[in-house]
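Below is one structure, written out as structure tokens; comments come after it.
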Amino acid sequence: MLKIRNLHAQVDGKDILKGITLDVKAGEVHAVMGPNGSGKSTLACVLTGREGYVVTKGSVEFEGQDLLAMAPEERAREGVFLSFQYPVEIPGMSTAYFLKAAVNAVRKHHGLDALDAMDFLKLAKEKAKLVHMDESFLNRSVNEGFSGGEKKRNEIFQMTMLEPKLAILDETDSGLDVDALRTVSEGVNAMRSPERAMIVITHYQRLLDHIKADMTHVLSDGRIVKSGGPELALEVEAKGYGWIAGDSQAGHSELAKVAKAVEGPAS
Amino acid sequence: MASQSTAERYKAAFEAQRGELAGNGLPWLASMRDDGIARFGDLGFPGKKNEDWKYTNVSSIAGTEFALPDVAVAAARRAVIAAAVAALPVAKREQREQSEPSEKAAKAEPVLVFVDGRFAADLCVDAAIDGVRVESLAALLGQGDGAVEKAFGQCLDVGSHGFAALNAAFAADGAVVIISKGTTAERTVHVMHYVTAGAASISPMAPTVSHARNIVVAEAGSRARVVEHYGGDLAATGLTNVVTELIIADDAHLSHAVVQSAPAGASHIHRVEARLARGSNLQSHVVTLGAELSRTEVRVVLDGEGAECTLDGLYALADDQHADHHTVIDHAAPHTNSRELYKGVIDDDARGVFTGRIIVRPDSQHISADQANRNLLLADGAVAEARPQLEIYADDVKCSHGCTVGRLNEESMFYMRQRGVGETEARRLLTVAFAGEVLEELGDEELAQALRKQLGRKLQKNPAEQQAEDAS
């Protein structure tokens with residue numbers, strides 16, 4: 001589904017990503033971990049086409065198309081969804097209005113009829129239950145005055161409405177208490193399917209207690225320095241990031257192995 | 001000082017027309033009109049040296065020789081104007097209720113229609129509201145009506161500038177709404193002023209001028225809502241110079257709105273003057289979408305203890321539009337409160353000017369006044385000028401003011417695009433959201449919704465896409 005090859009990117013002229021290679025197949029959940037400043041969020045921004053992130057080298061293929069050549073809204077319509085680390089507040093625009101515009105933009109792209117207000121509300125109320133949100137929030141301005149937990153639940157709610165092919169969750173666990181973390185994770189797990197892939201970006205392992213990743217990658221200084229199964233996340237949690245930075249040689253050889261694996265017949 | 005030719009031109013026009021103006025035989029009115037034309041002779045049109053008009057150049061108006069509107073044009077354009085009246089948000093409300101015809105008459109909202117400043121009885125929507133008189137000024141002047149004599153000119157400061165003086169000289173028609181003592185009018189009274197482009201078959205297509213005067217009298221303890229709509233033929237280029245007087249008695253509550261969607265080439269000068277007695281309340285709304293050049297003044301005197309006003313405004317400008325909003329709130333009595341929010345959305349090479357003057361008199365203690373002006377610039381060529389002017393001569397005063405000029409939030413733009421909404425559409429939706437705050441204050445969801453759509457169309461470069469949106 002997603003093929004990232006030797007991706008280099010800059011922000012304000014500074015190199016942040018220094019050669020990321022990663023393959024994500026339909027049905028898989030990949031965890032991307034790493035210390036602050038390792039480039040995790042930059043990866044999310046580059047994949048979704050945020051302004052100010054300049055790709056200097058490498059390529060990203062999504063469902064056989066050149067993802068980097070597409071405008072942010074085209075990527076979204078093709079099925080790339082980002083759960084924002086800091087969801088934006090939009091005073092004066094109701095959540096229902098906002099999301100109806102989004103859902104219908106995506107539907108139009110796929111040649112489907114727009115949902116009318118009634119059908120939209122029916123669907124929205126149904127999906128809101130999944131993330132335990134009171135439907136009254138649909139009439140409130142987007143994220144305005146929402147608590148940290150409500151904002152993140154709203155992100156997952158939007159994901160369930162838009163049904164993306166690839167969901168990127170950027171630090172979805174940050175600022176959540178234990179209950180909110182469970183609710184959000186349940187919403188995410190309900191979305192897992194053989195047709196859908198997810199990239200879960202997180203600093204801590206605790207989200208991965210709830211969302212089981214098939215693969216774990218550790219990012220450091222703009223490179224994937226270690227890849228492995230779910231056990232890698234536990235190892236990071238136990239030992240911190242220091243041991244990986246000191247083991248970068250191993251990380252590189254691991255990377256080479258992964259790269260080799262993904263270029264194999266499976267892809 | 002008017003150049004000799006301009007003053008003489010208007011004086012000559014006045015002398016030629018005065019015999020035809022409604023209420024010609026009324027001595028009190030004749031002396032007001034004489035005073036008006038004399039003041040115009042002294043003042044002329046406001047020039048660059050007038051601080052209150054610093055950002056608004058009216059030389060195009062001063063230099064134009066306007067013709068008198070031809071009444072035959074109104075008749076020829078009847079079908080088009082009737083369609084415009086039917087398209088007002090009020091008309092939709094009626095249609096919805098057609099399933100119960102007996103209810104319809106009871107719930108319909110009256111619309112008084114004026115074409116080129118003259119009452120058009122056959123285009124009006126008649127719907128009586130108990131305790132509310134809704135009539136044309138010309139008719140009442142013709143009858144020598146006492147209530148009009150009492151109200152006419154009560155609020156207008158004729159000497160403040162040339163446009164006010166000209167209106168005092170020429171005004172002979174407009175809407176008169178009198179809400180009798182203790183009446184709560186449950187339905188809105190609408191006033192529609194329509195300006196035509198003339199008709200080549202009837203008379204030369206010269207720009208025309210009209211000087212309408214609207215008067216609303218809210219008697220003690222009454223409650224009512226009045227909405228003035230301004231629109232016209234797309235090709236109209238004339239000048240509408242209108243004055244609205246709001247006389248609000250003890251404990252009366254009045255909601256008043258001016259929705260200006262004048263033709264793109266027209267000029268619109270509007271002055272709303274309100275006087276509030278003890279314990280009364282005014283909610284003033286101004287929505288400016290049309291006209292090439294416009295100036296809308298809202299001047300409120302809080303004249304009795306406990307009087308309160310809220311002034312909300314929205315201007316959405318594009319192309320070369322210039323809109324000047326000038327507000328004055330005079331806290332002339334103690335324990336008076338005001339709140340003011342004007343928002344501007346300015347695109348292309350348009351220019352929005354806001355002046356908010358707040359006066360607190362020396363004996364006016366326990367005052368609260370809150371003013372804000374927020375501007376959203378959508379293009380590099382767009383300009384916003386904001387001038388708060390606070391004159392505070394008392395000490396027990398809680399007063400705040402703030403002005404902002406900014407651009408669309410990039411974070412919000414990316415958020416919307418990441419959800420699949422196209423760039424143009426995201427820009428449009430965010431802009432409507434910015435304006436939404438003022439429209440919600442209208443307290444009339446149907447009108448607000450109609451204005452949101454109108455605003456959306458204005459911001460939409462691709463009309464086909466907007467039609468699809470409207471239909472959904």
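Starting from residues that are among the polar types (S, T, N, Q) and more than 29 Å from the chain's Cα centre (by Cα), keep the ones in the stretch B:4-36 and report whichever is modelled with the highest pLDDT. Walk me through how you get there before you give the answer.
The first filter runs over the stretch B:4-36 and keeps only residues among the polar types (S, T, N, Q), leaving B:4-6, B:17, B:24, B:31.
This time we only want the ones that are more than 29 Å from the chain's Cα centre (by Cα), so: B:4-5.
Working: B:GLN4: 58, B:SER5: 82.
This residue is B:SER5.
Cβ separations smaller than 6 Å between residues 6+ apart or across chains give the following pairs from the stretch B:268-279 residues that are in contact (Cβ under 8 Å) with a residue 60 or more places away in the chain to residues that are among the basic types (Lys, Arg): B:ILE269/B:ARG295; B:GLU273/B:ARG299. For the stretch B:39-75, filtered to residues that are free of Cβ contacts under 8 Å to residues at least 40 places away in the same chain and farther than 30 Å from B:GLN321 by Cβ, the residue that is surrounded by the most Cβ atoms within 10 Å (Cβ to Cβ) is B:GLY41. Taking each residue of the stretch B:436-450 that is in a loop (DSSP other than H, G, I, E, B) and looking for partners that are among the charged types (D, E, K, R) with beta-carbon atoms closer than 9 Å, six or more apart or interchain, yields B:GLU441/B:ASP312; B:LEU442/B:ASP312; B:GLY443/B:ARG225; B:ASP444/B:ARG225.
Screening the stretch B:107-193 for helices (runs of 4 or more DSSP H) wholly inside it with 1 or more residues that are over 17 Å from B:ILE269 (Cβ atoms) and in the same structural domain as B:ALA86 (by TED's automatic domain parsing) returns the ranges B:137-142, B:146-151. For the stretch A:111-159, a tally of residues being without any contact (Cβ under 8 Å) to a residue 40 or more places away in the chain and over 17 Å from A:PRO91 (Cα atoms) returns 25.
Considering each residue of the stretch B:270-282 in turn, at least one proves to be more than 30 Å from B:GLU385 (Cβ to Cβ), in contact with an Asp or Glu (Cβ under 7 Å, 6 or more places away or on another chain) and among the aliphatic types (A, V, I, L, M).
List, please: which pairs have Cβ atoms under 8 Å, are six or more places apart or on different chains, and start with a residue in the stretch B:381-410 that is closer than 18 Å to B:ASP52 by Cβ and end with one that is in a loop (DSSP other than H, G, I, E, B)? Short answer, once both residue conditions are applied: B:GLU385/B:TYR55. For the stretch A:83-103, filtered to residues that are within 7 Å of chain B (Cβ to nearest Cβ) and part of a helix (DSSP H, G or I), the residue that is nearest to the chain's Cα centre (by Cα) is A:ALA102. Of the residues contained in the stretch B:400-413, none is found to be in a strand (DSSP E or B) and in contact with a helix residue (DSSP H, G or I) (Cβ under 6 Å, 6 or more places away or on another chain).
The values are calculated or read from the model by the stated rules, or taken from the named source; none is laboratory data. Because the structure is a prediction, the values reported are computed rather than measured. Because the Cβ atoms are built from the backbone with ideal geometry, glycine has one as well, and the counts that use them run over all protein chains shown.
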